[in-house]
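Laboratory data are not the source of any read-out in this text; all were calculated from the coordinates shown. The model shown is predicted, which means the values in this text are computed figures rather than measured ones. Cβ coordinates were reconstructed from backbone atoms using ideal geometry, including for glycine residues, and neighbour counts include every protein chain displayed.
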Amino acid sequence: MVNNRNNKFGAIRTTIDGITFASKAEATRYAELRLMVMGNIISELELQPKYPIVINGMKVCTYVGDFKYRNERGAIVIEDVKGMKTPVYKLKKKLMAAFGVEIVEITK
């Protein structure tokens with residue numbers, strides 16, 4: 001099901017399995033990951049994982065990814081489906097990298 005409301009970046013909110021995603025690309029990636037779970041290629045699929053970014057004991061912001069899962073080697077993977085990389089996203093990605101967390105970007 002597709003909702004006709006567009007956001008400022010032109011993304012179309014899309015619903016799959018009763019879950020509404022911010023964009024069609026994100027919904028498509030969810031469908032791919034769901035198939036990978038069914039095929040036992042990945043496990044522990046989580047949507048919208050949250051990571052507080054704390055510096056010197058002060059919470060600065062929270063990074064919210066699109067997906068988190070465990071790959072076939074057992075490593076945790078954090079994905080963000082990107083059409084537009086805003087300055088805020090770029091900063092949060094750098095902050096996450098400073099803490100040793102790599103974000104895998106999935107582009108259209």
Worksheet item: Of all residues in region 34-64 being over 26 Å from F99 (Cα atoms) and aliphatic (A, V, I, L, M), which is surrounded by the fewest Cβ atoms within 10 Å (Cβ to Cβ)?
Response: M38
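Surrounded by 15 or more Cβ atoms within 10 Å (Cβ to Cβ) and either charged (D, E, K, R) or without any contact (Cβ under 8 Å) to a residue 24 or more places away in the chain (or both): is that true of K90 in this structure?
no
Could you check, for region 80-87, whether at least one of its residues is β-branched (V, I, T) and without any contact (Cβ under 8 Å) to a residue 40 or more places away in the chain? Before the answer, list the steps.
At the first step, the residues of region 80-87 found to be β-branched (V, I, T) are 81, 86.
Then keep just the ones that are without any contact (Cβ under 8 Å) to a residue 40 or more places away in the chain; that gives 86.
The answer is yes; a qualifying residue exists.
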Worksheet item: V88 fails exactly one of the following numbered conditions: (1) of a type outside the set (S, T, Y); (2) within 30 Å of N40 (Cβ to Cβ); (3) in a helix (DSSP H, G or I). What is the number of that condition?
Response: (2)
Worksheet, complete the sentence: Output for Cβ contacts, cut-off 9 Å, separation at least six or different chains, first residue without any contact (Cβ under 8 Å) to a residue 60 or more places away in the chain in region 46-59, second acidic (D, E) and surrounded by 10 or more Cβ atoms within 10 Å (Cβ to Cβ), reads L47/D66; Q48/D66; P49/D66
